[in-house]
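For reference, the structure discussed in these notes is given below.
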Amino acid sequence: MAHQWRGVIREYADRLPVTESTKVITLGEGGTPLVHAQKLSELTGSTVYLKVEGMNPTGSFKDRGMTMAMTAAVASGAKAVVCASTGNTSASAAAYATAAGLQCAVLVPEGKISMGKLSQAIAHGATLLQVDGNFDNCLDIARKLGESYPVFLVNSVNPARIQGQKTGAFEVVDALGDAPDIHVLPVGNAGNITAYWKGYKEYSAPFESETAGTLPAVSTRTPQMWGFQAAGAAPFVAGHPITEPDTIATAIRIGNPASWDGAIAARDESGGFIDAVTDDEILAAHRWLSAKEGVFVEPGSAAGVAGLIKKHAAGQVPTGKIIVITVTGHGLKDPQWALRTEDGSEVQPVKVSNDVVTVAAELGLEEK
Ligand code: F0G
């Protein structure tokens, strides 16, 4: 019989707050590849995998949470949804609101979101407002709109989002047969590290399903959670919120993470840590992924890889372990960074005349 991946709600229905009669809003999210990172494995002496979340319908991991949030919005009878975003949440909210037949409003920090993400929100018909402020200011306003106006908030302060995003951890365990030793990911608003830790914990113990009774544990252990922030936007490293976060990795340009307690719990309960990487380290990891592994991500998504490379250089990555890194969003979201060389100059494609001999000469080929 023909089979197609049904999206994270249907695939993991017995571990999510849904029932048979729930009207599911899905674009087929999840089921993303776990790619063996050959060069990172050679570098570290551990087996490193990339959970490639850019393969989701709108190009980022946000779709896992958005299917749940939009399903909850429809169940609540909402007519309109709102979110604050550094770009990916707004792209996802706009697409899933379209699938749900709901109005969507998104608040983004002016001038600080990539063209790809901006165009997605516009293409899907969202009302996009550029706020004269940063992401944290946008989230404040979105929360107040959700409280005092007839709009349903789909940011990750909505627990439905975390429920959906925990399926990333389920998929890693399902692919590997057990939890990895270490799970690495970028940290911004801290919803994803909270969600992965929830997923790993739920899979490592018997689970009381709302619809299927007690489900047995799937994994024998949980991983250490290693989170990495951009150095100019690293409130967890500072130990307090940052008022003026700054980084070229606009996706994680966040100073006052909403899921503060969840991230601290993930860090401490798992025996992991949250550290920072510089913009230069992020861009070097971004290049590493595209040039050595064949995986194109946006800069913010490379923060976890930058962190692993940094920790390896410091002699702090164990060998012989299984390490999974979530790379959170697709490189096409923010392609301009690929067109810059290491010294910051623009890459100029070589122009040639319309003639095979010239093209062969330019490629250094000699006739057979
Ligand atoms: N990577 C990407 C590509 C992101 O877009 C985000 C967050 C993160 C990592 C960090 O994840 O917030 O769960 O810690 N983007 C949000 C947005 C804030 O609005 O799209 P987090």
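The values are calculated or read from the model by the stated rules, or taken from the named source; none is laboratory data. Note that this is a predicted model, so its numbers are computed, not measured. We place every Cβ from the backbone using ideal geometry, glycine too, and count neighbours over all the protein chains shown. Remember, those area values only see protein heavy atoms, side chains included, never the ligands or the DNA or RNA. Shrake-Rupley method; radii C 1.70, N 1.55, O 1.52, S 1.80 Å.
Step by step: first the residues of the range 20-77, then only those that are surrounded by fewer than 23 Cβ atoms within 10 Å (Cβ to Cβ) and of a type in the set (Asp, Glu), then the one that is nearest to Phe170 (Cα to Cα). Which residue is that?
Step by step, filter the range 20-77, then rank; the result is Glu20.
Taking the criterion of being modelled with pLDDT of 95 or more and out of contact with any strand residue (DSSP E or B) (no Cβ under 6 Å at 6 or more places or on another chain), would at least one residue in the range 344-351 satisfy it?
Within the range 344-351 (the criterion being modelled with pLDDT of 95 or more and out of contact with any strand residue (DSSP E or B) (no Cβ under 6 Å at 6 or more places or on another chain)), the answer is yes, since at least one residue qualifies.
Taking the condition of being in contact (Cβ under 8 Å) with a residue 40 or more places away in the chain, of a type in the set (Ser, Thr, Tyr) and touching a strand residue (DSSP E or B) at 6+ places or on another chain (Cβ under 6 Å), how many residues in the range 78-128 meet it?
2
Please work out which one of (1) touching a helix residue (DSSP H, G or I) at 6+ places or on another chain (Cβ under 9 Å); (2) open to solvent by 20 Å² or more (accessible area, probe 1.4 Å); (3) within 23 Å of Ala258 (Cα to Cα) is the condition Ala97 fails and give its number.
Tallying (1) touching a helix residue (DSSP H, G or I) at 6+ places or on another chain (Cβ under 9 Å); (2) open to solvent by 20 Å² or more (accessible area, probe 1.4 Å); (3) within 23 Å of Ala258 (Cα to Cα), Ala97 fails exactly one: (2).
If His124 passes every condition in (1) under 19 Å from Pro335 (Cα atoms); (2) open to solvent by 40 Å² or more (accessible area, probe 1.4 Å); (3) in contact with a helix residue (DSSP H, G or I) (Cβ under 6 Å, 6 or more places away or on another chain) but one, which one does it miss?
It fails just one condition, (1).
What's the total number of residues in the range 206-235 that are within 23 Å of Leu176 (Cα to Cα), out of contact with any strand residue (DSSP E or B) (no Cβ under 7 Å at 6 or more places or on another chain) and open to solvent by less than 40 Å² (accessible area, probe 1.4 Å)?
Of the residues in the range 206-235, 1 are within 23 Å of Leu176 (Cα to Cα), out of contact with any strand residue (DSSP E or B) (no Cβ under 7 Å at 6 or more places or on another chain) and open to solvent by less than 40 Å² (accessible area, probe 1.4 Å).
I'd like the full set of residues that are within 16 Å of the ligand (Cβ to nearest atom) and out of contact with any Phe, Trp or Tyr (no Cβ under 8 Å at 6 or more places or on another chain), limited to the range 277-297.
Across the range 277-297, the qualifying residues are Asp279, Glu281, Ile282, Ala285, Val295, Phe296, Val297.
Which residues, counting only those in the range 274-314, are hydroxyl-bearing (Ser, Thr, Tyr) and open to solvent by 40 Å² or more (accessible area, probe 1.4 Å)?
Correct list: Thr278, Ser290.
Among the residues of the range 124-134, is any assigned to a helix (DSSP H, G or I) and either over 21 Å from the mean Cα position of the chain (by Cα) or within 16 Å of the ligand (Cβ to nearest atom) (or both)?
no
Condition check: touching a Phe, Trp or Tyr at 6+ places or on another chain (Cβ under 6 Å) and within 30 Å of Gln130 (Cα to Cα). Does Ala94 satisfy that?
Criteria not met by Ala94.
At least 2 residues that are hydrophobic (A, V, I, L, M, F, W, C) and more than 16 Å from the ligand (Cβ to nearest atom) in each: list the strands (runs of 3 or more DSSP E) lying fully within the range 1-107 that qualify.
Filter on the range 1-107 gives 34-36.
Hey, could you check the range 146-163 for residues that are closer than 26 Å to Val18 by Cβ and assigned to a helix (DSSP H, G or I) and say which is most open to solvent (accessible area, probe 1.4 Å)?
Once the filter is applied, the top-ranked residue is Glu147.
Please state which one of Pro241, Pro235, Pro223 is within 13 Å of the ligand (Cβ to nearest atom) and touching a Pro at 6+ places or on another chain (Cβ under 6 Å).
From the options Pro241, Pro235, Pro223, the qualifying one is Pro235.
I'm trying to understand the selection: among the residues of the range 186-219, which are small (Gly, Ala, Ser) and not in a loop (DSSP other than H, G, I, E, B)?
Gly191, Ala195, Gly199, Ser209, Gly213
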